[in-house]
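Reading through the structure tokens given below for one structure.
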Amino acid sequence: MGRTIGTVRVLHPRAVRRHPAGAADCEAALTGRTLDAARRRGKYLWLSAGHDALLAHLGMSGQLLVGDPQRPPSPHVRVWFTFEDDGPDLRFTDQRTFGHMCFVPDGAELPGPIAHIAPDPFEPSFDPAGLTKRLRLKRTGVKRALLDQSLISGVGNIYADEALWRAGLHWARPTETLSGPEVSRLLAAVREVLGEALTAGGTSFDSLYVNVNGESGYFDRSLAVYGREGLPCRKCGTPVRRDPFMNRSAYTCPHCQPRPRRAHW
Ligand SMILES: [Zn+2]
């Protein structure tokens with residue numbers, strides 16, 4: 001960080017589709033700017049430049065790669081940054097082009113386009129007491145709440161099921177009936193599951209972004225319930241059950257995660 005951008009080349013217009021003024025404007029806005037710090041929230045990360053920010057969403061397959069500027073370009077480079085110091089360059093590479101980047105004026109602290117997204121459990125600004133309160137007010141099923149990016153970010157479908165199993169909570173449990181200790185247990189489980197995924201996938205958050213979407217198979221081996229319908233629960237041996245949930249599935253152990261009398265979808 002503290003490096004000044006020399007050139008910016010947008011190689012695929014889709015990569016800057018959320019930058020309303022277009023590719024040339026995005027290039028001009030970033031050229032000559034000094035990048036100060038990298039921050040992240042959920043599946044987004046941003047590089048601050050003074051009061052402004054370069055915001056990136058890595059989508060399913062996006063990566064921000066720093067390396068030798070002489071290395072051969074991959075066909076999937078979408079935005080290419082070189083720096084005035086002629087040191088390592090930065091390439092936004094994205095095979096499936098679901099990811100995108102945009103320049104956000106005054107976005108250094110928290111870019112406007114992601115202000116509605118709640119902090120994820122690893123951010124310093126994450127507030128467990130606040131989450132407990134908002135969860136209860138939400139009056140929804142606990143899995144639906146975990147997937148709600150305005151409550152907590154970074155938890156995908158797979159990780160929600162795994163965390164609920166570890167916490168011994170059924171996915172349809174109404175949030176307003178959760179006790180303080182249950183919320184704490186759930187939060188600890190979410191941190192554990194995300195933390196393990198991070199470790200298994202590498203030390204960068206980039207790999208977490210990819211894997212949160214279930215695109216990578218590395219985490220499958222350690223899954224306790226997700227995708228394991230009919231197989232024995234790893235705690236008690238009861239066959240894992242699959243329920244349809246929001247056009248997807250929810251996996252539970254019927255013994256370890258008793259269905260609430262009053263379920264909430
Ligand atoms: Zn069980």
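Filter region 126-175 down to the residues that are under 16 Å from the mean Cα position of the chain (by Cα) and small (G, A, S), then identify the one that is nearest to K235 (Cα to Cα). Per the stated criteria, the residue is A163.
Return the residues of region 232-260 that are within 11 Å of the ligand (Cβ to nearest atom), in a loop (DSSP other than H, G, I, E, B) and either modelled with pLDDT under 95 or surrounded by fewer than 18 Cβ atoms within 10 Å (Cβ to Cβ) (or both); say none if nothing qualifies. Before you say what the answer is, go through the steps one by one.
Just the residues of region 232-260 that are within 11 Å of the ligand (Cβ to nearest atom), to begin with: 232-241, 252-258.
When the remaining residues are screened for being in a loop (DSSP other than H, G, I, E, B), the result is 233-238, 240, 253-258.
Scanning region 232-260 gives R234, K235, C236, G237, T238, P254, H255, P258.
Across region 89-108, the number of residues qualifying as in contact with a Lys or Arg (Cβ under 9 Å, 6 or more places away or on another chain) and not hydrophobic (A, V, I, L, M, F, W, C) comes to 7. Out of all the residues in region 20-37, is one or more in a strand (DSSP E or B), at pLDDT below 95 and more than 17 Å from the chain's Cα centre (by Cα)? Within region 20-37, one or more residues are in a strand (DSSP E or B), at pLDDT below 95 and more than 17 Å from the chain's Cα centre (by Cα).
Looking for something farther than 25 Å from P258 by Cα, at pLDDT 90 or above and not aliphatic (A, V, I, L, M) - is there at least one such residue anywhere in region 113-127? Within region 113-127, one or more residues are farther than 25 Å from P258 by Cα, at pLDDT 90 or above and not aliphatic (A, V, I, L, M).
Among the candidates P113, P119, single out the residue that is over 30 Å from G237 (Cβ atoms), part of a helix (DSSP H, G or I) and under 18 Å from the mean Cα position of the chain (by Cα). If you could, list the steps in order and put the result at the bottom.
Details: P119 fails: part of a helix (DSSP H, G or I).
It is P113.
The set of residues in region 176-193 that are crowded, with 22+ Cβ neighbours inside 10 Å and either of a type in the set (S, T, N, Q) or modelled with pLDDT under 90 (or both) contains only V193. Scanning region 94-117 for residues that are surrounded by fewer than 16 Cβ atoms within 10 Å (Cβ to Cβ) and of a type in the set (F, W, Y) yields a count of 1.
Just to be sure, is T82 part of a strand (DSSP E or B) and farther than 25 Å from E123 by Cβ? Reasoning before the result, please.
Details: part of a strand (DSSP E or B): yes; farther than 25 Å from E123 by Cβ: yes.
When the stated conditions are applied, T82 passes them.
The values are calculated or read from the model by the stated rules, or taken from the named source; none is laboratory data. If you're wondering where the values come from, they're calculated on a predicted model, not measured in any experiment. Because the Cβ atoms are built from the backbone with ideal geometry, glycine has one as well, and the counts that use them run over all protein chains shown.
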